[in-house]
Structures are given as C-alpha cells and as structure tokens.
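Q: I am attaching a structure below and will ask some questions about it afterwards.
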Amino acid sequence: MKERVNKQHLFWRAGFGATPAQLREADRQPLRKVVSQLFTNSRAFTPLLVVSDDQPDKKELKNRFKEGQLNREMLKDRIRENREAIRDLNVLWVEQMASGRGALREKMALFWHGHFACRNQNNVRMVQQYTNLIREQALGNFGDLLMAVSKSPAMLQFLNNQQNRKNAPNENFAREVMELFTLGRANYTEHDIKEAARAFTGWGFNPQGEFVFRRNVHDEGEKTVFGKTGNFQGDDIIKLLLERKETATFVTTKLYRFLVTDEIATDSADQQRISQLADQFYRSGYDTAGLLETIFTSDWFYEPKHIGGRIKSPVELLAGMQHSLGIHFEQKQPILYVQRTLGQVLLYPPNVAGWPGGRNWIDSSSLLFRMKLPDLVLKAGEVTIKPKDDGDVNTALLARKVNRLFAASIDWPTFEKAFQKGNGEHVLDELALYFLPQPLSPSQRTLLLTKVKKEAPRSEQIRTLTTLLLSLPDYQLC
Amino acid sequence: MHRRKFFKQSAFATVGTMLIPSFLKAYESKHLGLNQPVGKTLVIVQLSGGNDGLNTVVPFRNDIYYRERPTIAIAPEKVLKLNDEIGFNPALEALKGLYDDGLVTVVNNVGYPNPDRSHFRSMDIWQTASDSDKYLTTGWLGRYLDANCQGNDCIAHRAIEVDDTLSLALKGQDLNGLALLDPKKLYNQTRSGLVAELSNIKPAAEVVASHPNVSYLYKTLAETASSAEVIYDKSKVTHTKTVYPASELGNRLKTVSELITSGVNTNVYYISISGFDTHINQPGQQERLLRQYAEAVAAFTKDLKTNGKLNDVLLMTFSEFGRRVKQNASNGTDHGTANNLFLIGGGLIPGRVFNEAPNLTNLDEGDLKYTVDFRNIYATLLRDWLKVDDQAVLGRQFETLKVVSQS
C-alpha cells in the first residue's frame with residue numbers, strides 16, 4: 001500500500017498524476033525504475049505548433065496595412081487571428097499535459113514558465129518560440145536555458161530590452177534577470193543593475209523574430225558588476241550570474257517549493273536539504289535532470305507529511321482530472337474558462353514574478369468553484385460563474401461564454417475496468433485510494449456512501465462516487 | 001467564531017430585524033451584543049481598462065488638450081464646469097449634481113513613480129499597493145483584513161467583493177475577503193452538492209496535524225458557509241425602495257446598499273466594472289460607461305441619504321492608469337499614466353477639486369506626471385476614514401490628504 005501511495009505521489013509531483021493502468025504497471029516495478037521511466041518517457045521533444053514561422057505579427061500587419069496590402073477589415077481579422085492563435089497554443093499545451101506524454105518534461109516546463117514568466121499578446125510567433133524553448137530545455141542545463149530565454153524575442157520584448165540602448169539604458173531586463181531568474185533579492189546592488197543594463201544594451205530581435213546583437217546601440221565602455229570590471233556584453237553577465245552560488249540556491253529553493261513543499265521553516269531539515277541540493281546543482285554546472293533524479297530518489301521526498309501537502313495549481317487540477325479519466329473537451333473554451341476562473345492562464349502570467357501559488361490559489365470563491373468543477377465536467381452541469389473581465393479589450397475573448405460549455409467525451413469504460421471487484425464500499429475505498437492522497441475519514445466515508453444507490457449498476461456507482469471524490473477539498477491536494 | 005454561535009446570532013437577528021423598527025436596531029445591536037459597531041464603510045469602484053481621465057475631468061481652458069485631441073476633445077461649452085479650469089464630461093451630469101451638493105472630491109494627477117503602462121502590471125501595483133519594481137502576493141485590503149484579525153474576530157466578510165471571483169486586492173496573508181455577486185447566489189452555492197455537509201465535517205485530526213493545507217481548505221469552506229449564511233439571513237429582509245439603473249454597477253451598488261442597511265459586519269466593499277480600454281472610437285463608449293457610472297453612484301448616494309448612512313460611507317473610484325494626452329489615429333487613446341480619482345460621500349470636507357489640474361506642458365514621453373501617490377489616498381482611507389493602522393497595511397508611512405471631515 002505504502003509503495004502504491006509513494007508512486008502516486010511521484011506521478012503527481014513529477015507530472016499530472018497517473019491513470020489506473022499506469023499505476024498497475026508501476027506496481028510491478030521498483031521505485032527507481034519508475035523514476036528512470038519518467039525520464040525515458042520525456043526524452044522525445046515535439047514542438048507545439050499553431051502557426052508557421054513566417055506568421056506576421058501585429059506590427060508587420062500594420063505595416064502591410066499602411067502599404068495598402070491589407071484593408072482595415074483584413075487587418076482587424078489578422079490581428080484577431082494572432083491573438084486567437086496564442087489562445088490555441090494555450091489549449092494545445094494543456095492538452096499535452098493532460099495526455100500524459102512526456103509528463104515530467106511538461107511539468108518542468110510549467111515550472112520554468114512560472115520562473116521565466118513572460119506574456120505577449122500580439123505576437124504568437126514569439127510566444128510559440130518561447131513556449132517550445134522552455135519545453136525543449138526543461139530537463140536540460142539551467143545555464144543554457146537561462147541564456148536561451150534571455151535571448152528569446154518574447155522575453156526581450158516583455159522586459160523592454162529592445163529599448164535598452166547606449167546612453168538611454170532600460171534597466172528592466174537587468175533587474176528581473178537578477179531578482180527573479182537567478183540571484184534573488186538582496187544578492188545584488190542597484191549599481192550592479194545599472195552596470196549590467198549597460199552590458200545588455202544592443203540585445204534585441206529582428207522582424208523575423210530572431211535574436212540580434214545591435215552593435216551600434218551597444219555601450220562598449222567598461223562596466224563593473226559584482227566587483228568585476230570588464231568590457232562586458234550580455235553573455236558575460238549571464239556567465240557572471242551562473243558563477244554566483246546564490247543562483248543555484250535561489251533556483252533550487254524555488255524548485256523545492258514546487259516539487260516538495262511550499263512551507264519551508266527556517267532552521268528546518270528542508271533548509272539543510274536545499275543547501276545540499278544547491279551544492280549538487282552548482283557543482284554539476286546546473287544539470288537539472290540530475291537534480292530532479294536526486295529529489296525523486298530521496299527517502300525524504302516520500303515522507304508522509306509531503307504526500308498530499310501541496311495545493312494543486314488550476315492547471316495541475318484540470319490536466320490531472322483530464323488525464324485520470326481520459327477527458328476530451330469538444331470545445332476549447334472550457335479549458336480557458338477554468339484557467340481564467342481559477343486564476344492561472346498559461347501564457348498570461350500575472351507579471352514577470354509568475355503565479356504566487358500555494359494558498360494563494362484558494363479563497364472562498366475559487367474553492368467553491370473547484371468543488372463544483374467535477375459536476376461541470378463529468379455531468380455537463382450548468383455554468384453560473386463568470387470570470388472577471390481584466391479590462392483589456394484584447395483578452396475579452398478568453399472569457400467568452402458558450403452554450404454547453406463543458407461538453408466532453410470521457411473514457412469511462414477504460415477507467416471503470418480498474419474497479420470491478422467487491423461491493424459498493426470496496427469500490428469507494430479503491431476510488432478514494434486512487435484519487436486522494438489521504439484515506440477518507442470515517443465521517444467523509446459515511447457521507448459519501450449515503451449518496452450512492454446500493455442497487456445501482458456498478459458503472460453508475462463508480463461515476464457517482466468519482467464525481468463526489470473529485471468534489472472534496474482533499475482532491476485539491478497532491 | 002463558531003458556526004453554531006453564528007447561526008444562533010443570525011437566526012435571532014433575522015427575527016429582530018423583522019419585528020423591531022429600524023430606529024431601534026441600533027439599540028438592539030448595542031445592548032444585545034449582536035454586532036460589533038460597524039463604524040465607517042468604504043466602497044471601492046474600480047474602472048478596469050484605464051479610464052481616460054482627460055475626457056472625464058476636462059481641462060477646458062487648455063489649448064494643448066484641444067490641439068492634441070482634434071477629434072475626441074470635449075468642447076468647452078459642453079463641459080460641466082467645476083472651476084475655471086476643469087469640468088466633468090457631460091455624461092457625468094448625475095455626478096455633477098452630487099458635486100454641487102458638496103459630496104464629491106476630485107483628486108487630480110494620482111499615480112506612482114516609474115509608471116507601468118501594462119493593464120495587468122499597473123492593476124497589480126494598485127491592488128497590492130507595491131512600488132512599481134516590487135512584486136507582492138497580497139492585496140492592500142487583504143492586509144487590512146490581516147491587520148484587523150484578532151482572536152475570534154477574523155471574519156472574511158469584513159471585506160466583500162461584489163463579484164463571482166475575488167481580486168488580488170482582497171487577498172491577505174492569513175485572511176481573504178469574500179466574493180459574492182449576491183447573497184442568495186452564494187448561499188445557494190454553499191447549500192448545493194456536498195458543500196453544506198462537508199462544511200460541517202472535520203477532517204481527521206492526525207491528517208490535520210501533519211498537513212496544514214487540509215485544515216486550511218476545510219477552514220476556508222466552513223468560514224465561507226458561515227459567512228454566506230449570516231449574510232443571506234441578514235440581507236434577505238432588507239430591500240431598498242430606491243430605484244437603481246439596470247446596469248451592472250447599478251445592480252452591484254444596490255447589493256452593497258442592502259448589505260450596509262442589513263447591518264452585516266462589513267467595512268469594505270469592492271466592485272469592478274470594465275470596458276474602459278478605449279483604443280478605438282472612444283467618445284461613444286466612454287460616455288456610455290461614464291453615464292452608467294454617474295447614474296448608479298447618484299442612486300446609491302440617494303439611497304444612503306434615505307437610510308441615514310450618507311455620512312458613514314465613502315466611495316472611491318479609480319482606474320489603473322489614465323491615457324496618453326495625444327489621441328491616436330483611431331479616434332481613441334492609448335495607455336498612459338497619472339489619472340484623476342473621485343472620493344464621494346457625506347463624511348468629507350464638503351466637496352471640491354482637491355489639487356491643481358494636470359500640467360500638459362510638462363509631460364513624461366507624452367504622459368502626465370503624477371503629483372499624488374495613490375498610496376497617500378489609501379493611507380487617507382485607512383487612517384482617517386476607517387481609523388486603522390495604515391502603516392501595518394502599506395508597509396511604510398504615507399501622508400494623508402486632508403479631505404476627511406473631522407466632525
């Protein structure tokens with residue numbers, strides 16, 4: 001039993017949960033083998049594509065309009081298509097997470113998306129390139145990932161480095177790369193930021209969406225960063241940041257919060273582990289896969305207090321539910337609607353600091369909606385909650401309401417196969433073991449049993465109990 | 001507060017409200033210990049999308065304004081004049097009436113250093129009251145809840161957002177506000193499915209001990225059910241006779257007014273309305289929204305006056321930024337910076353224009369420079385109006401504006 005619980009824990013933290021069939025297979029393997037399988041299953045990388053590389057962005061479209069190649073109506077349509085394509089990319093990514101293919105890769109890409117949070121509403125090509133970049137390098141070397149994200153047009157645009165020029169520096173990118181991507185607060189000075197910003201002058205991108213170093217706007221002068229003086233360019237600053245041990249500690253702490261626990265007390269065992277993990281990460285030259293393997297094969301990772309200790313993010317909740325039951329929505333809207341209502345829309349993070357996560361996901365209304373969600377998804381219940389309009393005319397379509405919003409196909413037959421033994425009570429216990437990180441309390445168990453008709457066919461009992469179990473506050477945890 | 005105790009009180013209060021004339025209600029709550037005195041109430045109306053301040057409070061004597069906005073400027077003869085320099089957009093006729101009654105204070109040039117022109121980021125900054133280069137995960141009203149949460153007196157519905165979902169502004173570290181579009185809808189939600197039964201269930205003690213998030217979830221659920229019940233019980237007997245416009249804001253302000261008269265223990269209400277992101281064909285759209293706003297606020301004010309609450313309620317209206325001085329090529333305006341803001345209520349030093357009109361000759365890349373930090377406004381609302389420790393909420397000292405009447 002404990003073995004099974006540990007493996008479910010692993011599948012939830014290193015992915016989006018496992019189907020009953022996946023768990024049955026894992027039952028036959030030692031834990032180490034299950035861990036190595038996670039890496040094997042994530043070896044392949046396939047880009048998510050919604051547009052071709054020559055899709056024009058808003059600016060290019062406007063130029064074409066000025067040159068008379070497009071009329072006003074066509075321009076409007078093409079700009080709208082651009083935005084809708086970003087929405088399509090969001091849906092495609094969630095579906096990829098829900099599919100269970102390359103689960104560890106997608107889970108880590110989700111982590112990096114929160115770490116290197118970036119949004120851009122007008123250029124789907126840049127967003128697509130950024131998304132595939134963090135997916136492709138999700139399990140690779142952090143230094144390479146940092147360099148690639150820093151040079152990605154999406155990030156350069158988001159953090160205004162296109163406007164960072166000699167004699168008119170824009171410090172936005174230099175500040176965030178230190179505060180949020182590498183060192184963390186208190187490990188740099190304002191002077192470091194000013195000087196680093198000078199080194200990043202000239203980093204930009206061309207209309208084709210490729211990184212360019214514009215030497216003519218680069219500040220060639222000497223800069224002093226972290227006490228070192230040189231004729232630094234952007235690449236040199238990234239290297240200096242990776243040389244600092246604080247970077248390894250900062251990133252490891254964030255990863256520990258994401259994978260292990262977000263409640264880290266000072267002077268705790270957690271802190272000692274983070275420090276050891278950061279040592280390993282630093283010594284390995286920022287090998288992300290190696291760090292993950294150490295975490296997933298450590299005994300402390302499976303301590304009972306960690307199992308079911310984390311609140312699922314909205315995307316984890318949705319993708320996990322879809323994965324467990326083989327749910328496919330007929331339309332794209334429900335996937336966007338759930339993200340919007342619960343406050344995590346992929347490719348639209350709130351700001352460069354990403355989603356705060358943890359208890360921040362839960363308030364009275366988000367909890368009630370999470371508890372209502374299984375009814376909406378599994379029984380096509382009536383939608384009564386309207387997500388807030390954020391005021392931007394450009395994202396209004398994310399909140400669009402449609403009829404039969406949650407129409408979905410659910411692979412019940414495959415799911416039900418795993419629960420064919422015993423009577424109603426036994427089925428409930430088996431389902432609870434599968435869906436929940438902790439056993440039901442006696443009062444919960446009694447309550448749920450009153451909701452099923454004993455004489456109903458097994459299939460109906462399974463479906464009713466599944467809907468009930470997914471509605472529990474306990475299902476919000478993993 | 002325990003659920004059972006809550007229920008007893010609310011059941012009693014319901015009977016009380018039905019049988020006792022309203023002038024006796026104050027006596028009832030004071031002497032029967034049913035409620036803490038509610039004191040002052042703050043209502044915030046957020047205009048999402050970046051309302052164009054220059055076409056809301058128009059500098060009708062300013063040549064630059066007319067030069068930069070050849071097709072969308074509001075002609076001087078149409079402006080509802082507040083003084084020699086500025087006046088309201090004609091769509092704010094209902095608000096002008098309140099201004100003439102001394103109930104409206106206009107604060108010009110409100111903003112913050114290093115302004116951000118992104119909706120999301122700037123709204124983040126306003127809702128968290130952070131500096132523009134810092135990221136906070138709690139909202140200013142959430143921290144207000146935290147700071148006023150002692151022992152058994154931690155109630156989520158001290159701050160209510162009239163909506164289906166809760167804004168960051170009302171999320172605290174230890175306590176979140178409560179979102180409800182109307183009391184009955186929330187009550188029904190807490191009575192449907194498993195919610196009602198689960199909110200009475202305690203998770204296993206050994207699980208709670210090792211898993212603080214389990215108790216956090218169940219606690220949130222139980223508090224939501226309690227609050228929903230208390231609010232519904234109290235509010236179902238108060239129905240205003242004032243006619244509100246049938247707009248979204250009208251409906252929400254009506255809900256606020258009914259909650260205020262019902263004696264619910266709530267000090268802060270939050271409402272947001274959107275549509276102000278007017279990049280294209282601004283005039284028609286903005287005027288429609290401003291008219292809805294003014295008419296809803298006028299009905300609300302009238303209602304408060306009827307109920308004798310006008311001096312106890314202050315309404316503040318803001319937007320995440322103003323818009324560029326120069327109009328764009330689509331008869332609209334693009335994202336800008338500093339903006340004006342309204343304070344409305346009977347508890348203010350009788351209404352006026354608080355400070356100087358925007359200076360259109362001294363711009364920052366085509367945008368207005370702020371002269372009043374929005375956190376000075378927040379400090380005023382917290383310290384002078386709600387009488388709470390503003391530094392505990394804002395993290396440091398901000399001067400208050402001398403706008404609240406001391407009487």
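The values are calculated or read from the model by the stated rules, or taken from the named source; none is laboratory data. Keep in mind it's a predicted model, so treat the numbers as computed, not measured. Here the Cβ is made from the backbone with ideal geometry for all residues, glycine too, and neighbour counts use every protein chain on show.
Q: With A:292, A:325 as the choices, which residue is touching a residue at least 40 places away in the same chain (Cβ under 8 Å), away from every other protein chain (no Cβ under 14 Å), over 19 Å from residue A:89 (Cα atoms) and out of contact with any helix residue (DSSP H, G or I) (no Cβ under 7 Å at 6 or more places or on another chain)?
A: Selected residue: A:292, the only one of A:292, A:325 that is touching a residue at least 40 places away in the same chain (Cβ under 8 Å), away from every other protein chain (no Cβ under 14 Å), over 19 Å from residue A:89 (Cα atoms) and out of contact with any helix residue (DSSP H, G or I) (no Cβ under 7 Å at 6 or more places or on another chain).
Q: Taking residue B:253, is it at negative phi, surrounded by 19 or more Cβ atoms within 10 Å (Cβ to Cβ) and touching a Phe, Trp or Tyr at 6+ places or on another chain (Cβ under 9 Å)?
A: yes
Q: So residue B:239 fits all but one of (1) more than 8 Å from chain A (Cβ to nearest Cβ); (2) in a helix (DSSP H, G or I); what number is the exception?
A: (2)
Q: Being without any contact (Cβ under 8 Å) to a residue 60 or more places away in the chain and among the aromatic types (Phe, Trp, Tyr) is the filter here, so list the residues in segment A:100-146 that pass it.
A: If the condition is that a residue be without any contact (Cβ under 8 Å) to a residue 60 or more places away in the chain and among the aromatic types (Phe, Trp, Tyr), then A:112, A:130 are the ones that fit.
Q: If you don't mind, another one. Being within 19 Å of residue A:350 (Cβ to Cβ), surrounded by fewer than 21 Cβ atoms within 10 Å (Cβ to Cβ) and away from chain A (no Cβ under 11 Å) is true for just one of B:101, B:131. Which residue is that?
A: B:131
Q: Restricting to segment B:146-168, name every residue that is over 14 Å from residue A:368 (Cα atoms), touching a Leu at 6+ places or on another chain (Cβ under 8 Å) and facing another protein chain (nearest Cβ under 8 Å).
A: Within segment B:146-168, just B:156 meets the criteria.
Q: Name the one entry in A:253, A:261 that is closer than 19 Å to residue A:9 by Cα and not assigned by TED's automatic domain parsing to the domain that holds residue A:10.
A: Testing whether each residue is closer than 19 Å to residue A:9 by Cα and not assigned by TED's automatic domain parsing to the domain that holds residue A:10 leaves just A:261.
Q: Which residues, counting only those in segment B:223-236, are of a type in the set (D, E, K, R) and facing another protein chain (nearest Cβ under 10 Å)?
A: B:223 - this is the single residue of segment B:223-236 that is of a type in the set (D, E, K, R) and facing another protein chain (nearest Cβ under 10 Å).
Q: Right, next: Could you say which residue among A:75, A:49, A:133 is modelled with pLDDT under 95, surrounded by fewer than 23 Cβ atoms within 10 Å (Cβ to Cβ) and aliphatic (A, V, I, L, M)? So that I can check it myself, show each step before the final result.
A: On the way: A:49 fails: modelled with pLDDT under 95; A:133 fails: modelled with pLDDT under 95.
Among A:75, A:49, A:133, only A:75 is modelled with pLDDT under 95, surrounded by fewer than 23 Cβ atoms within 10 Å (Cβ to Cβ) and aliphatic (A, V, I, L, M).
Q: Of (1) in contact (Cβ under 8 Å) with a residue 24 or more places away in the chain; (2) facing another protein chain (nearest Cβ under 9 Å); (3) outside any helix (DSSP H, G or I), residue B:193 satisfies all except one. Which?
A: The number of the failed condition is (1).
Q: So how many residues does segment A:395-421 have that are surrounded by fewer than 19 Cβ atoms within 10 Å (Cβ to Cβ), at pLDDT below 65 and not in a loop (DSSP other than H, G, I, E, B)?
A: 3
Q: Let me ask something else. Restricting attention to segment A:6-46, which residues are of a type in the set (A, V, I, L, M) and either modelled with pLDDT under 95 or closer than 22 Å to residue A:133 by Cβ (or both)?
A: Of everything in segment A:6-46, those that are of a type in the set (A, V, I, L, M) and either modelled with pLDDT under 95 or closer than 22 Å to residue A:133 by Cβ (or both) turn out to be A:14, A:38, A:44.
Q: State the number of residues belonging to segment A:112-128 that are in contact with a helix residue (DSSP H, G or I) (Cβ under 7 Å, 6 or more places away or on another chain) and under 13 Å from residue A:85 (Cβ atoms).
A: Of the residues in that region, 8 qualify.
Q: Output the qualifying pairs, or none if there are none: Cβ atoms under 6 angstrom, residues six or more apart or on different chains, first residue in segment A:330-354 and at the interface with another protein chain (Cβ under 9 Å from one of its Cβ atoms), second residue of a type in the set (Asp, Glu).
A: Listed by first residue and then by second, the contacts come to A:351/B:124; A:352/A:176.
Q: Please note which helices (runs of 4 or more DSSP H) are completely contained in segment A:254-339 and include at least 2 residues that are in contact with a Phe, Trp or Tyr (Cβ under 6 Å, 6 or more places away or on another chain).
A: By residue number, A:288-296, A:314-325.
Every residue, every condition in (1) of a type in the set (A, V, I, L, M); (2) out of contact with any Ser or Thr (no Cβ under 6 Å at 6 or more places or on another chain); (3) at the interface with chain A (Cβ under 10 Å from one of its Cβ atoms), yes or no:
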{"position": "B:181", "(1), (2), (3)": "yes, yes, yes"}
{"position": "B:185", "(1), (2), (3)": "no, yes, yes"}
{"position": "B:198", "(1), (2), (3)": "yes, yes, yes"}
{"position": "B:204", "(1), (2), (3)": "yes, no, yes"}
{"position": "B:221", "(1), (2), (3)": "yes, no, yes"}
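Q: Filter segment A:243-301 for residues that are basic (Lys, Arg) and surrounded by fewer than 16 Cβ atoms within 10 Å (Cβ to Cβ) and give the result.
A: Hits for segment A:243-301 are A:245, A:283.
Q: Here's something else I'd like to know. For residue B:216, work out the one condition from (1) under 20 Å from residue B:97 (Cα atoms); (2) outside any loop (DSSP other than H, G, I, E, B); (3) among the aromatic types (Phe, Trp, Tyr) it doesn't fulfil.
A: (1)
Q: Quickly run through segment A:367-385 and pick out the residues that are at the interface with chain B (Cβ under 7 Å from one of its Cβ atoms) and without any contact (Cβ under 8 Å) to a residue 24 or more places away in the chain.
A: A:368 - this is the single residue of segment A:367-385 that is at the interface with chain B (Cβ under 7 Å from one of its Cβ atoms) and without any contact (Cβ under 8 Å) to a residue 24 or more places away in the chain.
Q: Among the residues of segment B:169-179 satisfying the criterion of being outside any helix (DSSP H, G or I) and more than 7 Å from chain A (Cβ to nearest Cβ), which is surrounded by the most Cβ atoms within 10 Å (Cβ to Cβ)?
A: Top of the filtered list is B:177.
Q: Mind listing whichever residues of segment B:327-358 are in contact with a Lys or Arg (Cβ under 7 Å, 6 or more places away or on another chain) and basic (Lys, Arg)?
A: none
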